[in-house]
Each structure stands twice: as C-alpha cells, then as structure tokens.
Amino acid sequence: MTRRELLGLTAALLARSQPPAAPVVIARAESYTAGLEPVLSTVFDQLGGLERLVRGKTVTIKLNLTGSPALRFQGRPLGVTHYTHPNIAGVVAQLMGKAGARRIRFVESCWASGGPLEEYLLDSGWNVRSLQNAAPGVEFENTNNLGKGKRYSRLKVPGRAYMYPAFDLNHSYEDTDVFVSIAKLKNHDTCGVTLSLKNLFGITPASIYGDDAGEQEPNENPTKGRAESLHFARRRVSRSAPQEISATPNPDPGYRVPRIVVDLAAARPVDLAIIDGIETVAGGEGPWVEGLRLVRPGLIIAGLNPVCTDAVATAVMGYDPRAGRGTAPFRQCDNTILLAEAAGLGTADLSKIEVRGLTIEQAKYPFS
Amino acid sequence: MVLALLLALNLADAVPARWPSADPKTLDLLAETPINVLLLERAPAGTAFSEASAVRGISVLAVVRPGADVAEAVRQAAAAKLAGVMLEGAFSASAWDAARSAGLAVVELPPRHELRLNPAAAVTGVADGVWPGIRAQAKAAATGGPWIETNTGFLRYLRANTTAAVWIGNVPPANTVIPVTSYLAAIADAAVVGARWIVALDEDFSRRLLAREAAALKDWARIGALLRFFEEHKKWRRWRPYGQLAVVQGTDGGTILSGGILDMLVTRHLPVRPVPAPKLTAEALAEARWVVNVDPEALSPEQKEVLRNFTRAGGTLLNAPPGWKLPAPQPGQITLSDKELAQIDEIWRGVNSMIGRTNMGVRLFNVAGMISSLLASPDGKQVVLQLVNYTSYPVESVTAHFLGKFTRARLLAPGEPPRELELYPVEGGTGCDIPQVSAVAALVLE
C-alpha cells in the first residue's frame, strides 16, 4: 500500500465513524527561552510520548509564517506576534530528534515567494543553522510550488468534500509519515480563530491556488497570495488541478475559507497539533488587521487530533468552540471546528475531550 | 581671511549642530560629543560665545535665511568673531557674492531644487530632506513591508558627484514627539553614506537639554556616542561602494529627489554604486556586473561605447525606456510625486526581474526596518557593512551572505566593545550571523 493509499484509507475510515476524540494537553510556558524544553517534553509525554509517533519516521512540520516577514507589528520580532516562534520549532525538532525521527522537514508556503524556505526563515529572524543542527536530518521546503519535487501530489478529500474534491500539493505533504501543524494561538479576521486547522490553508501552493497562478499550468514563480481564488472565488485555480465542485461558487470568504480548510485537513490529516500561545496577538492574524494587540497567555496547547486541539484552544481563548455564525469569534464566518466535526475529523464537544495538564478554566485567557 | 581659510580646511571633518543658545555655559554640554561647528540662528551681540567656543576648538557660524540683509548679517557675524555664515535657503547670486566678499567662511545650503555642485566649495549640501524613519502605510496588507523614509539615495548620489563634505540640513518635523531613536536614525541615515546630518534638536528637547533635565541628558549622551562612533571610523567616508550593481544617473532632472531608484535599491539592501553620467568611464564600472542606466540620453557617444564594451564583456545592462526622464524638481519638492513613482516603476520592474536572488555584494536577511551600506577599503582588503535600524526595537538575528571569501568579522556598535563573529561558507561566499542591531551596527570583514 502506498503512502497515498494509506492516507486515503485512514481519512475515509475516520469519516465513516463517529468524530474521534483525542486528549489535549494544556501547559504553562512563561517564555520562549528558559524552561521551554522541559515544558514541551512533558507535553509530549502527556500525549503518550513522541517516540511512538516519530521513531524511524519522516516528520513534516507545517509552520505558521503568515504574511510578509517584512511586516512587523510595532517592529517586534515575528515570533512574539503572529508567527510560530523559532524556539518552539527548535525545541520540537530537538525532541523529535532525540525520539528517533529519521527526517524532520519544516514546510511552509512562503508568502508571495517561490524561493527557498531557508531564506524566508532568515528573513523572519530565524537562526537556520541552529535549527538545522537541532536534530539529524532537518530539511526545509517552501511548498508554494514544486519545490524539490518533480511533480505535485494529488491528495483526495475522502468522502464528500465541501469545496474541492482533491488538492495538488507540494510532494512534502505526501512524502511523510507524520504530519505536524505548529500554529499560533490567535484570532483570524476571516475565520474567527487561527489554530492548527486554519494553519493548513497555507499548504496550498500559490503556484496553483495563488492570485498569479498559471491559468492552465502552475506558475512556479508565484509572487502573490491566494485571496482572489480561495477567499473570493474571483479566479479559478490552475486548470491542471482539481477544480472547485460548485459551478457557481459562493464568493463569501466566511463561507469558503473554513470549508477549504476542512477539505485540506481531510485530505492531509494532522497527526500532531501544537499551538504556540506563549506570546501572540489578539484581534486578528497579522499586523494588517486593524485593532491587533499583543497578548501573553503563556500557554502551549497540543493534541493528536487537530479538531479536539482547536476546540480546547478556542475555549481557552474564552469562546464557545460550538458557537455558530454570528457569535464571537465566528461573527462573519462559519465555524471551521464544527465543519471539521461534521466531516468526521474530530469532535468539538469539550465533554468528550480529555484535557490533561492545566484545565481549560485554569488556562483561560480571554481574547475578546 | 586666515580664520576663514582655516575653517574651510577643517570643514571636511566638521561635525555641525544647530545650537539653541549663545550662552557660553551651554558649551559644557558638548564636552562628550565630537561636535565642532555650531550654527546659531543669529550672531550673538558680543564675542564671549565665539571666544569660549574657540577655546574648545569649536567654530561658530551664523545662519542667514532668505529675506535677511546678507551684508548686514555677515557684518554682525564678523563683529561677533564668528568663523562665518551659512546661507540656508534660496538666495540670489548677488547674495552669495555679498556673503563671500566679507572674507568669512560661507557654507551654502540651498533647497534641493537649487542644488549646486560647486567644485571649489568645502561643503556641498542641501537644506531640506525627508525626516528619516519608517512611514506608516496608509492601508496595510499582508504583502506590504515598511517603507523607510531616507535621504541615503540622494546623499549617495551627491557623494558620487563631489569630493566636498556633504551636509544635509533637514530638521525634525514640527508638533511631533521625536524619540531619541529618531535622532539616531537621522544621524546614521547620513553618516553611513559618508554625509553629515546637521544635528538639530526639536524645541522641547532643546529646552530640556539646556535645563539639564536627566532624561534629556541621557538622550543627548546617546546622540553624542553615535556621533563619536562615526568619527572614530571616519576613514570609512573615503572607502568606495562595494558591490557589482552600478546605477548611472544624469545630473539633472529628478535624480536628486528622495524615493527614487537609488532608495528603492537601498531599501532592498542591494549594494549599489551610483555613477554620475559625466563620470561614466570603464574604470567606474571596473567591478560592476550589472548596470542600470537611468538616463541613456545624458550619455556622450564615448560613454555609450563604454556601456557597449561593458555588455560585450558579459555585463548585464538595463536601460531606461527611450525618452524616459524624470522632470526637474519643483520648488519645495524633495520626494517623487505619485506620477513620478509610477514612472519609475517602469524601470523598477526591469530591475526586479534582473536581480532575482543574485548576490551583488551582500544578501541580507531580517533587515526589513533597516538600511545598509557596504563599502570596501581602498586596498580592497577590508569591507564594512553598516546597518541602520529605523524601528523602535533592537532587531535580532540578522544574517549576511557576502560575496567573496572572508576570514575575520568584527561587529562594532556605539558604546560597545568590538565583538568577533563566526564566519561560515555559503553559496558563493561567506555567511555571518549578527546577533542584534540596536540603532547602528557595523560589521568589518577581512
């Protein structure tokens, strides 16, 4: 059985059964320096240990590096505002290396760029050499185009998709045994919250799904984001890729983006969700959103199911993870977590999720 | 006359400041700074200030502005035993002559649109400039980076045109709280390209400094330390731009406006070498591999042949479209208008596609709120990368990938001991990680 078949089978089985529940750990972490390694080590132990998840495996870690690295909130380092902090990535790589991971590949579809991820990370203030030395077999790939692959991987949405039947993605999302989403605990202007599920929006290559994607074939040098096609349905994705199911697409981004995210999470299931809530922003996903403010929840939230993890994280942020459209934080959008639950990816029912470490009440840090 | 000549000789190393008082007691405030030329808004009544200044090795000039009786202002300056006058603003030729006839030193600081390149002048400069700093975007977007207001493009161009000391006399914006970091940026914005910003404190800061308030003294000490830093390394002013990208510009039209092609290249951290069209020779392009020719029609047939030979030897030339020329600046204009920016976009698109990820001397990472300057020593054995941070926060983890092999790197910063940094090989050259840049840092490579 190929990796792709295994992915498809796993996701299809999940879709048929009751939405699964998996434990979620909430831990206190006051800073990105002192004590971060023992905190994350304990988090992974509370989830059953990293070794059984990564030993001898290829691990792909999707970072959250949204928006241009040149755009800083109040001039502050990106990792303490809206980007995954480099020390989180470094410690996770280090612990996975110790746990026997064979290869650790950091991925992100770099904003408006087809250049190497390493350079994007350098531009974001990361010490790439240090990250490279954090564990054996550390690699980097910008998944905004073909990257180091020779062809795109077509990952199908098992069962009934909301928006797209399948996605053409960089090979990294198929050529992996373990897929990790390291997200940031923050709001999102379109989706209400940006957590481990919404982080997957960035696995779509702009070469195909971007605003300057090729009409027929991918544009391997993308220089724009994905607002026109995926957010607003103002243009089609490259014809080489599977097209949107609806012949008359709904142009409301509050309808589209949550559903696309869920389709992506179904096509490329997340094995480990880590949410960086040590220092972050509230009020939006980046400095381009008005009313953004700095917050320091001092938390790490992690789980083996992204829906459960995001449901707990949403509750920690002071919201009801089962809230419908019109209620904060989903004022102008559908609730991605509920859509994911309906797709069978995981439960959003807090009563069915075992929370380890801190309780939600102990960790609660209202974002509104 | 003798005094004026002495001052003229010293103007190359002058560190000028507009001074808010003619009280000799205020000179104590200059003790820890390298400031050695003071500009007073008017000549003082007596000679006490100039005499006390002279004891400290400080020269004093009176500022004369348009509308004033120049001859009378010069007479008053002479009576107060000042070293000379600075004519700041637009003056008639007869006014300049009147000033010079008195035998005192005369510094000309016209508005930008009246910039004159006087080969005999010890100082060349302009009275106006943008106030350096990060301009808030009217409407932010995920794709947008900060735009840095800078005079460096203009000052680089001016430095390439003259061997005189280059001064810029812009003053802090009115009715605005100016943090000390903003003053540091103003000093460094000029200094990293070998020019001088005339230190000018806002009214509130001046008042608090003269009253010797602790916070003002602390900020003033930081200003003094940065000025000292650049004086300790004044040899860099004689170093040449290091890099493989040359920009050929004419000497008329909008080339003297800020926000133009040089500033665009500088904000992308491309180590650019301005070549004024009249100075375009094969030697001027000796180390260049890419040339952007902004003003093809300004070139003589011989100079066009220089460019042809450059491309025959494998160089890449990007010419502005035929007939392309920025209009001459209007009175009061110091930056490009929106229409002119759109015009320059025609060239910028070509430059962008030509550059790609090419290393033209250095590639810098995590420098969005900074401007850089890359210079090489006359013997080519040393290279200095100067970084100016325009944000309000220290920037951590800056990475530089230099073209060429280097074996030693020292990080210098105002008020801090030199620090040896590790070098490592990267594609086509040498990499170096700079842990932190506060206001200014310089990395010296050997």
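The table below gives the values:
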item: Where residue A:124 falls short, out of the listed (1) touching a helix residue (DSSP H, G or I) at 6+ places or on another chain (Cβ under 6 Å); (2) among the small types (Gly, Ala, Ser); (3) surrounded by fewer than 23 Cβ atoms within 10 Å (Cβ to Cβ); (4) within 13 Å of chain B (Cβ to nearest Cβ); result: (3)
item: Subset of region A:310-368 that is under 17 Å from residue A:201 (Cβ atoms) and acidic (Asp, Glu) - its residue that is surrounded by the fewest Cβ atoms within 10 Å (Cβ to Cβ); result: A:334
item: Qualifying residue in region A:218-232 (condition: buried (at least 23 other Cβ atoms within 10 Å of the Cβ), in contact with a Gly (Cβ under 8 Å, 6 or more places away or on another chain) and aliphatic (A, V, I, L, M)); result: no
item: Enumerated strands (runs of 3 or more DSSP E) restricted to region B:404-446, each holding at least 1 residues that are over 26 Å from the mean Cα position of the chain (by Cα) and not β-branched (Val, Ile, Thr); result: B:416-421, B:423-426, B:429-437
item: Yes/no for residue B:408 being within 14 Å of chain A (Cβ to nearest Cβ) and surrounded by fewer than 21 Cβ atoms within 10 Å (Cβ to Cβ); result: no
item: Check on residue A:294, surrounded by fewer than 24 Cβ atoms within 10 Å (Cβ to Cβ), in contact with a Pro (Cβ under 9 Å, 6 or more places away or on another chain) and not small (Gly, Ala, Ser); result: no
item: Residue within region B:153-170 that is farther than 25 Å from residue B:374 by Cβ, of a type in the set (A, V, I, L, M, F, W, C), at pLDDT 95 or above and outside any helix (DSSP H, G or I) present; result: no
item: Options B:171, B:193: the member that is in contact (Cβ under 8 Å) with a residue 40 or more places away in the chain, of a type outside the set (D, E, K, R), assigned by TED's automatic domain parsing to the domain that holds residue B:226 and touching a Lys or Arg at 6+ places or on another chain (Cβ under 6 Å); result: B:193
item: Those residues of region B:374-401 which are more than 22 Å from residue B:230 (Cβ to Cβ) and not in a loop (DSSP other than H, G, I, E, B), in sequence order; result: B:396, B:397, B:399, B:401
item: Region A:202-249: number of residues that are touching a residue at least 60 places away in the same chain (Cβ under 8 Å), of a type in the set (Gly, Ala, Ser) and within 13 Å of chain B (Cβ to nearest Cβ); result: 4
item: Every residue from region A:191-212 that is buried (at least 24 other Cβ atoms within 10 Å of the Cβ) and part of a loop (DSSP other than H, G, I, E, B); result: A:191, A:195, A:196, A:197, A:204, A:205, A:210
item: Residue tally, condition within 13 Å of chain A (Cβ to nearest Cβ) and surrounded by fewer than 24 Cβ atoms within 10 Å (Cβ to Cβ), over region B:371-394; result: 4
item: Filter result (at negative phi, modelled with pLDDT under 95 and more than 13 Å from chain B (Cβ to nearest Cβ)) within region A:32-66; result: A:34
item: Checklist (1) of a type outside the set (Phe, Trp, Tyr); (2) within 23 Å of residue B:331 (Cα to Cα); (3) at pLDDT below 90 applied to residue B:120, failing item; result: (2)
item: Residue satisfying all of: in region A:141-182; aromatic (Phe, Trp, Tyr) and closer than 14 Å to residue A:58 by Cβ; farthest from the other protein chains (Cβ to nearest Cβ) among these; result: A:179
item: Region B:415-430 - residue that is touching an Asp or Glu at 6+ places or on another chain (Cβ under 9 Å) and in contact (Cβ under 8 Å) with a residue 12 or more places away in the chain and, of those, farthest from the other protein chains (Cβ to nearest Cβ); result: B:421
item: Scope region A:89-119; condition within 9 Å of another protein chain (Cβ to nearest Cβ) and aromatic (Phe, Trp, Tyr); matching residues; result: A:111
item: Selection within region A:210-261 - in contact with a Pro (Cβ under 9 Å, 6 or more places away or on another chain) and of a type in the set (Phe, Trp, Tyr); result: A:232
item: From A:86, A:69, A:77, residue being within 13 Å of chain B (Cβ to nearest Cβ) and under 17 Å from the mean Cα position of the chain (by Cα); result: A:86
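Per-residue answers, yes or no, for (1) within 14 Å of chain B (Cβ to nearest Cβ); (2) closer than 15 Å to residue A:198 by Cβ:
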position	(1), (2)
A:270	no, yes
A:274	no, yes
A:280	no, yes
A:284	yes, yes
A:294	yes, no
A:297	no, no
A:300	no, no
A:304	no, no
A:326	no, no
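The values are calculated or read from the model by the stated rules, or taken from the named source; none is laboratory data. Here the structure is a predicted model, which is why all the values come from computation and not from measurement. All Cβ positions, even for glycine, are placed from backbone atoms using ideal geometry, and neighbour counts span all protein chains on display.
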